[in-house]
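Colleague: Here it is: the structure, laid out below.
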Amino acid sequence: MKNTTLLIMAAGIGSRFGGGIKQLEPVGLNDEIIMDYSIHDAIEAGFNKIIFVIRKDIESDFRERIGDRVEKVCGKLGVKVAYAFQDMAVIPEGFSIPEGRTKPWGTGQAVLAAKSLIHEPFAVINADDYYGKEAFQKIHDWLVLDHQDNAIAMAGFILKNTLSDNGGVTRGVCKVADGHTHIIDVIETSNIVKTIVNGKAGAEANGEILDPESYVSMNFWGFPAKEGEAPSYMNVLEKGFTEFFENTVSSNPLKAEYLLPTHIGGLLRDGKVTVKALETTDKWFGVTYKEDKEAVIESFKKLIHDGVYREELYSDL
């Protein structure tokens with residue numbers, strides 16, 4: 001069985017959450033955070049290395065809240081743990097940080113921060129999203145197979161299962177072909193809100209009606225690699241970061257972001273990658289807004305009551 005890595009992007013500043021570090025908010029019966037459940041599900045699925053991508057300024061809080069505890073759990077299970085640090089000052093050679101820029105460079109740069117640590121197939125997730133067990137199992141099972149270097153997998157969530165009751169969200173809305181298994185485009189779409197259309201759950205973004213049954217990217221991607229080699233996507237992502245500075249930063253120096261769905265969508269349109277959708281019917285939930293937290297707590301209580309997880313989360317591994 002191939003080694004597989006889970007990269008968790010936890011460097012976000014949580015601006016919509018209203019202060020604080022939303023990735024570290026307790027939601028479980030024993031003060032577990034959302035990441036705990038992702039790590040549990042990843043280990044259960046077969047991942048044997050976890051990489052946290054964080055900012056240096058939250059390292060102490062992060063280690064105290066989850067890092068040290070997870071290292072102990074993983075140490076007993078033979079799962080490696082590593083850290084990478086996303087730094088706004090780390091940009092392509094020959095460029096400078098625009099004056100007044102304080103916003104991080106986005107999820108593409110977060111993944112690049114871990115480039116030197118990954119020498120096996122890997123998956124990427126957000127720290128503050130709950131994905132469900134099915135997605136981890138499907139991505140892991142895909143990663144341990146052999147694929148072309150330019151192949152990518154995506155956990156395909158159903159749009160209506162990924163919306164917040166408390167405001168708009170951003171999703172990579174997918175166009176599909178071949179019986180809904182292959183993605184042909186990913187459109188990063190902001191301010192998607194719930195609607196009711198003819199008595200059924202619907203969705204719209206900035207007045208545009210969206211198909212609630214569409215696949216969306218929740219930033220759960222899988223990238224292949226030959227054993228012992230760096231994934232080829234890392235080099236493509238690094239080249240794209242330079243192109244991002246050449247073509248995008250100049251027109252929006254304070255807010256432009258290098259986002260995984262946008263980068264992968266561009267590669268798809270240019271015919272440079274293939275993306276396979278691995279459908280999951282699990283309901284996503286996460287803490288985008290402070291008001292989301294109580295609903296997330298209740299959701300985990302129900303999952304525990306239904307036997308999906310134990311009260312002592314890691315005790316079944």
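The values are calculated or read from the model by the stated rules, or taken from the named source; none is laboratory data. In this text the structure is predicted, and so the values were computed from the model without any measurement. Note: ideal-geometry Cβ built from the backbone for every residue, glycine included; neighbour counts use all protein chains shown.
Colleague: I'd like to check which strands (runs of 3 or more DSSP E) are fully inside the stretch 153-226 and have at least 1 residues that are of a type in the set (S, T, N, Q) and under 20 Å from Gly12 (Cα atoms).
Modeller: Working: elements: 169-177, 182-197, 200-205, 208-210, 215-223.
Filter on the stretch 153-226 gives 169-177, 182-197, 215-223.
Colleague: Kindly indicate whether Lys200 is out of contact with any Gly (no Cβ under 6 Å at 6 or more places or on another chain), basic (Lys, Arg) and surrounded by 12 or more Cβ atoms within 10 Å (Cβ to Cβ). Don't jump to the end; show me each part of the working.
Modeller: Numbers: out of contact with any Gly (no Cβ under 6 Å at 6 or more places or on another chain): yes; basic (Lys, Arg): yes; surrounded by 12 or more Cβ atoms within 10 Å (Cβ to Cβ): no.
No: the conditions fail for Lys200.
Colleague: From the list Glu204, Glu188, Glu208, pick out the single residue that is in contact (Cβ under 8 Å) with a residue 12 or more places away in the chain and over 17 Å from the mean Cα position of the chain (by Cα). Working first, answer last.
Modeller: Working: Glu188 fails: over 17 Å from the mean Cα position of the chain (by Cα); Glu208 fails: in contact (Cβ under 8 Å) with a residue 12 or more places away in the chain.
After ruling out the rest, the residue left standing is Glu204.
Colleague: Still on this structure: Can you find, within the stretch 62-86, the residue that is farthest from Leu6 (Cα to Cα) among those that are acidic (Asp, Glu) and loosely packed, with under 14 Cβ neighbours inside 10 Å?
Modeller: This residue is Glu64.
Colleague: Being of a type in the set (Val, Ile, Thr) and crowded, with 18+ Cβ neighbours inside 10 Å is the filter here; which residues of the stretch 142-157 pass it? First the steps, then the outcome.
Modeller: Going through the stretch 142-157, the residues of a type in the set (Val, Ile, Thr) turn out to be 144, 152.
Ile152 - this is the single residue of the stretch 142-157 that is of a type in the set (Val, Ile, Thr) and crowded, with 18+ Cβ neighbours inside 10 Å.
Colleague: I'm told Asp270 meets every condition in (1) more than 15 Å from Tyr37 (Cβ to Cβ); (2) touching a residue at least 24 places away in the same chain (Cβ under 8 Å) except one. Can you identify the failing condition by its number?
Modeller: (2)
Colleague: Here's a follow-up. Looking at Ala256, is it over 21 Å from Gln148 (Cβ atoms), out of contact with any Pro (no Cβ under 8 Å at 6 or more places or on another chain) and either exposed (fewer than 14 other Cβ atoms within 10 Å of the Cβ) or among the small types (Gly, Ala, Ser) (or both)?
Modeller: Working: over 21 Å from Gln148 (Cβ atoms): yes; out of contact with any Pro (no Cβ under 8 Å at 6 or more places or on another chain): yes; either exposed (fewer than 14 other Cβ atoms within 10 Å of the Cβ) or among the small types (Gly, Ala, Ser) (or both): yes.
So Ala256 passes the test.
Colleague: To continue, here is another question. Could you grab the pairs with beta carbons closer than 7 Å, sequence gap of 6+ or different chains, first residue in the stretch 274-286 and closer than 22 Å to His263 by Cβ, second one among the basic types (Lys, Arg)?
Modeller: Taking only residues 6 or more apart or on different chains, the pairs are Leu278/Lys138.
Colleague: Where residues in the stretch 70-105 are among the basic types (Lys, Arg) and closer than 24 Å to Glu238 by Cα, which of them is modelled with the lowest pLDDT?
Modeller: Start the filter on the stretch 70-105 by keeping residues that are among the basic types (Lys, Arg), which leaves 72, 76, 80, 101, 103.
Among the residues that remain, those that are also closer than 24 Å to Glu238 by Cα are: 101, 103.
Working: Arg101: 94, Lys103: 86.
Among them, the one singled out is Lys103.
Colleague: Sticking with this one: Of the residues Leu77, Leu112, Leu143, Leu117, which single one is touching a residue at least 40 places away in the same chain (Cβ under 8 Å) and either touching a Ser or Thr at 6+ places or on another chain (Cβ under 6 Å) or of a type in the set (Val, Ile, Thr) (or both)? Steps first, answer last, please.
Modeller: Details: Leu77 fails: either touching a Ser or Thr at 6+ places or on another chain (Cβ under 6 Å) or of a type in the set (Val, Ile, Thr) (or both); Leu112 fails: either touching a Ser or Thr at 6+ places or on another chain (Cβ under 6 Å) or of a type in the set (Val, Ile, Thr) (or both); Leu117 fails: either touching a Ser or Thr at 6+ places or on another chain (Cβ under 6 Å) or of a type in the set (Val, Ile, Thr) (or both).
Just a single option satisfies the conditions, and that option is Leu143.
Colleague: Being part of a helix (DSSP H, G or I) and surrounded by fewer than 17 Cβ atoms within 10 Å (Cβ to Cβ) is the requirement here; does Ser96 meet it? Outline the logic, then answer.
Modeller: On the way: part of a helix (DSSP H, G or I): no; surrounded by fewer than 17 Cβ atoms within 10 Å (Cβ to Cβ): yes.
No: the conditions fail for Ser96.
Colleague: Return the only residue of Thr280, Thr242 being out of contact with any Leu (no Cβ under 6 Å at 6 or more places or on another chain), modelled with pLDDT of 95 or more and of a type in the set (Ser, Thr, Tyr). Can you show your working first?
Modeller: On the way: Thr280 fails: modelled with pLDDT of 95 or more.
Being out of contact with any Leu (no Cβ under 6 Å at 6 or more places or on another chain), modelled with pLDDT of 95 or more and of a type in the set (Ser, Thr, Tyr) holds for just one of Thr280, Thr242, which is Thr242.
Colleague: On to the next question. Quick test for you: out of Glu257, Glu229, pick the one residue that is within 30 Å of Gly94 (Cβ to Cβ), acidic (Asp, Glu) and within 17 Å of the chain's Cα centre (by Cα). Walk me through it before giving the result.
Modeller: On the way: Glu229 fails: within 17 Å of the chain's Cα centre (by Cα).
The conditions single out Glu257.
Colleague: Can you confirm whether Asn161 is more than 20 Å from the chain's Cα centre (by Cα) and among the polar types (S, T, N, Q)?
Modeller: Numbers: more than 20 Å from the chain's Cα centre (by Cα): no; among the polar types (S, T, N, Q): yes.
No, not satisfied.
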